[in-house]
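Only one structure is covered here, and it is reproduced in the block below.
The values are calculated or read from the model by the stated rules, or taken from the named source; none is laboratory data. No experiment lies behind these values; they were computed from the predicted model shown. Virtual Cβ from ideal backbone geometry, glycine too; neighbours counted across all protein chains shown. Please note that ligands, DNA and RNA were not included when accessible areas were found on the heavy atoms of the full protein model with its side chains. Shrake-Rupley method; radii C 1.70, N 1.55, O 1.52, S 1.80 Å.
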Amino acid sequence: MAYLSMGEAHRRITDYLSRFSDAVSSQDAAVLSPLLAVSSNSASLQSLADALNVFQDSNRLVGQLERSSQLAEILSPLLRCIQSYRLGRFADAYVVLEKAANAFLQEFRNWETPWAMEALYTLALEIRLLAEKADRELASSGKNPEKLQGAGSFLMRVFGALAGKGPKRAGALYVACQLFKVYFKLGTVHLCRSVIRSIETARIFDFEEFPVKDKVTYMYYTGRLEVYNENFLVADQKLTYALMHCSPRKEANKRMILKYLIPVKLSIGILPKQWLVEKYNLIEYGEVVNAIKKGDLRLLRQALREHEDRFLRSGVYLVLEKLELLVYQRLIKKIYVLQKQKDPSKAHQVKLEIIVKALKWLELDMDIDEVECIVAILIYKNLIKGYIAHKSKVVVLSKQDPFPKLNGKPIGS
């Protein structure tokens with residue numbers, strides 16, 4: 001850092017305080033929001049942090065503001081946060097940012113109009129991002145990483161402030177999405193339920209009144225939640241909404257949505273096009289789709305093994321594992337088609353021994369009893385129409401639609 005005189009430091013701090021105070025007085029959220037963006041690479045905030053390191057009595061300057069009594073509880077901790085953040089002391093920065101944020105929220109409650117909504121959004125984002133940095137810092141030094149949990153509590157208070165009647169409620173969905181990000185990060189996704197109930201069943205909100213980008217984020221997270229709960233039809237609706245309404249310019253976001261939508265579509269029998277998999281660089285799913293098309297159980301298991309860590313992190317491994325039934329169905333269908341070409345009159349009678357041989361060719365050793373058990377499950381799950389002639393060890397397939405399509409129903413429903 002170049003030499004900074006006491007006078008220049010004084011000027012930078014008073015300039016920041018004046019801009020903050022004027023923005024509040026004139027209700028100018030566009031000016032106020034960047035002043036709260038602690039984690040941004042803003043040159044003005046970096047120069048302010050340098051000034052705070054030189055001029056140690058910023059509280060006195062805060063006290064000289066015209067509206068010092070109203071703004072001091074926001075500005076004093078906010079300045080300490082900016083200073084601590086630039087010094088890399090993220091846990092310290094979080095503690096004082098939470099104080100500033102709570103004071104700001106109190107003022108926001110008192111303001112009659114939602115003029116400061118964008119500034120509140122900035123604080124909601126900053127408190128989450130800083131909490132994540134603080135927890136990484138605490139964990140690396142062997143301390144309890146608890147700040148993100150605290151950020152969740154603060155965001156819930158913000159959500160409560162927005163969840164009433166009036167124009168401020170339009171900001172509730174943005175804050176709900178920040179809460180989802182916290183809960184998913186902490187592994188406490190069950191806490192999403194109370195927020196979802198408020199949005200979807202409390203009749204406080206009209207979903208269509210929210211900004212499109214917030215609706216997309218909301219549908220993405222609630223869709224993921226339905227994947228975890230294996231409510232695939234609802235997950236399909238929500239994730240499809242998110243994909244269809246996502247900005248065409250946000251390819252990274254579309255890829256994130258597809259990471260969950262593709263396994264959901266697979267679970268209801270809809271295979272994605274190869275171009276889609278390639279465009280969004282989701283090659284791991286391409287291998288799964290190829291296994292289903294070929295009826296190749298070995299290929300499916302190989303894909304699951306190869307990409308296990310990625311699928312587990314995404315929470316879709318168990319969803320994909322259940323596709324084994326679909327692969328068995330495809331394998332038996334292939335045998336049926338080959339038999340139909342050779343002798344159409346006997347195509348609907350598939351010997352279990354032939355299925356055993358097909359699996360052996362795929363280097364999968366199963367005896368005839370195991371195969372009979374699998375076929376029985378396929379019949380029970382309505383993936384095959386027919387019955388097993390146990391004595392002759394033959395699957396007798398229905399002559400009408402022996403391999404029913406899922407038609408949007410999840411495997412095994």
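Descriptive notes on the structure:
- Residues (more than 27 Å from ILE268 (Cβ to Cβ) and touching a His at 6+ places or on another chain (Cβ under 8 Å)) located in region 373-401: VAL396
- Residue match in region 349-362 (condition: touching a helix residue (DSSP H, G or I) at 6+ places or on another chain (Cβ under 8 Å) and among the basic types (Lys, Arg)): no
- If you check THR113, THR122 for being among the polar types (S, T, N, Q) and open to solvent by less than 40 Å² (accessible area, probe 1.4 Å), only one passes: THR122.
- Test: residue in region 280-293 that is touching a residue at least 60 places away in the same chain (Cβ under 8 Å) and more than 22 Å from the chain's Cα centre (by Cα): no
- Near pairs, Cβ below 6 angstrom, 6+ apart or cross-chain, from region 84-102 (in contact (Cβ under 8 Å) with a residue 12 or more places away in the chain) to any residue that is open to solvent by 60 Å² or more (accessible area, probe 1.4 Å): SER84/ASP92; PHE90/LYS133; VAL96/ARG80
- The numbered conditions (1) surrounded by 17 or more Cβ atoms within 10 Å (Cβ to Cβ); (2) part of a helix (DSSP H, G or I); (3) over 27 Å from the mean Cα position of the chain (by Cα) are all true for ASN59 except (1).
- ASN53, sole failed condition from (1) within 13 Å of LEU17 (Cα to Cα); (2) surrounded by fewer than 21 Cβ atoms within 10 Å (Cβ to Cβ): (1)
- Which listed residue, of TYR336, TYR328, TYR317, is among the aromatic types (Phe, Trp, Tyr), in contact (Cβ under 8 Å) with a residue 24 or more places away in the chain and within 30 Å of VAL227 (Cβ to Cβ): TYR328
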